[in-house]
1. Restricting to segment 39-72, what's the tally of residues that are more than 28 Å from Glu178 (Cβ to Cβ) and either charged (D, E, K, R) or surrounded by 14 or more Cβ atoms within 10 Å (Cβ to Cβ) (or both)?
2. Which one of these is touching a residue at least 40 places away in the same chain (Cβ under 8 Å) and in the same structural domain as Tyr72 (by TED's automatic domain parsing): Asp30, Asp6?
3. Could you please find all residues in segment 169-179 being within 14 Å of Val155 (Cβ to Cβ) and part of a loop (DSSP other than H, G, I, E, B)?
4. Might you check whether a residue that is of a type in the set (Ser, Thr, Tyr), within 30 Å of Asp130 (Cα to Cα) and loosely packed, with under 14 Cβ neighbours inside 10 Å occurs anywhere in segment 156-173?
5. If you take the residues of segment 180-213 that are assigned to a loop (DSSP other than H, G, I, E, B) and of a type in the set (S, T, N, Q), which of them is farthest from Arg158 (Cα to Cα)?
6. Name the pairs: first residue in segment 197-216 and loosely packed, with under 15 Cβ neighbours inside 10 Å, second residue of a type in the set (S, T, N, Q), Cβ to Cβ under 7 Å, at least 6 apart or on different chains?
7. Please go through segment 90-107 and pick out each residue that is surrounded by 12 or more Cβ atoms within 10 Å (Cβ to Cβ) and not aliphatic (A, V, I, L, M).
8. Are any residues in segment 157-196 β-branched (Val, Ile, Thr) and without any contact (Cβ under 8 Å) to a residue 40 or more places away in the chain, and if so, which ones?
Amino acid sequence: VFASDDTFHAAGDGKLGGIVQPPHPRCQLDDSGIYASSHLYDYPSVGHLAQVLSAANIQPIFAVTSPTMPIYQELSRLIPKSVVGELRQDSSNVVQLIAEAYNSLSSTVELQHSPLPPGISLSYESHCGDPPGPPQPHGGFCAGVHINQEVNFTVRVRASSCLDPPQRVGLRVLGFTEELSLELSTPCTCSCTQRQPQAPLCHGGTLDCGVCSCHG
């Protein structure tokens, strides 16, 4: 839970204080739990923050006051599985806000894949509802999911080039540690034996498995 009544810093803000080093990948909290390297490292970028949160399966709840709500709503769109709630000036609704935000997060199922190797693309269809309705081509996302409700996803993998050696892609639901690992391989040679030299279709070239090979 991140609570604030102001906007946030991002990469580049440290230049105002002469700090240009990017944030260190290791935790920089001291023994008292206080960040002790603010004079050494710049703030992280939104992309870096989203990557670290996703890798650690952290689902942030932004509890912010009304004037900053639009800013954090835009930020939430860039951070998967995050939610924004309006915090009263006296913070009297913080418990209710966290409960509502948690219910919103826990009722959302979102499928995510690891970085794709070159030549591979993925597309999703989600089957949401209870019972699951017609496929939705908007990606691996279902909202309003209840306890014990089943949702299904159809994942299509397309290879535009030969995969040699085979490649691996991971699929997981945000918020869960389990991951499905896919090993992808493609036939890189043609086993066809249909070969026709001097084929009329190829104007004297060779018709090999439906492809013309010309002789210079």
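1. If we filter segment 39-72 for residues that are more than 28 Å from Glu178 (Cβ to Cβ), which is where we start, we get 39-43, 45, 63-72.
Still in the list and also either charged (D, E, K, R) or surrounded by 14 or more Cβ atoms within 10 Å (Cβ to Cβ) (or both): 41-43, 45, 63-65, 68-69, 71-72.
Here the count works out to 11.
2. On the way: Asp30 fails: touching a residue at least 40 places away in the same chain (Cβ under 8 Å).
On inspection, the qualifying residue turns out to be Asp6.
3. Going through segment 169-179, the residues within 14 Å of Val155 (Cβ to Cβ) turn out to be 169-173, 179.
Answer for segment 169-179, where residues must be within 14 Å of Val155 (Cβ to Cβ) and part of a loop (DSSP other than H, G, I, E, B): just Glu179.
4. Here is the first cut: in segment 156-173, the ones of a type in the set (Ser, Thr, Tyr) are 160-161.
Narrowing further to those that are within 30 Å of Asp130 (Cα to Cα): none.
So far as segment 156-173 goes, no, none of its residues is of a type in the set (Ser, Thr, Tyr), within 30 Å of Asp130 (Cα to Cα) and loosely packed, with under 14 Cβ neighbours inside 10 Å.
5. Keep residues of segment 180-213 that are assigned to a loop (DSSP other than H, G, I, E, B), which gives 185-194, 197-199, 203-205, 209-210.
Retained after the next criterion (residues that are of a type in the set (S, T, N, Q)): 185-186, 189, 191, 193-194, 198.
Details: Ser185: 11, Thr186: 10, Thr189: 18, Ser191: 21, Thr193: 26, Gln194: 27, Gln198: 35 Å.
Across segment 180-213, the extreme among qualifying residues is Gln198.
6. Taking only residues 6 or more apart or on different chains, the pairs are Pro197/Thr206; Gly204/Gln198; Cys209/Gln194; Ser213/Thr206.
7. Residues satisfying the conditions are Ser91, Asn93, Glu100, Tyr102, Ser104, Ser106, Ser107.
8. Of the residues in segment 157-196, the ones β-branched (Val, Ile, Thr) are 157, 169, 173, 177, 186, 189, 193.
Listed by number, the residues that qualify are Val157, Thr186, Thr189, Thr193.
The values are calculated or read from the model by the stated rules, or taken from the named source; none is laboratory data. Owing to the predicted nature of the structure, the values given are computational and were not obtained by experimental measurement. Cβ: placed from backbone, ideal geometry, glycine included. Neighbour counts: every protein chain shown.
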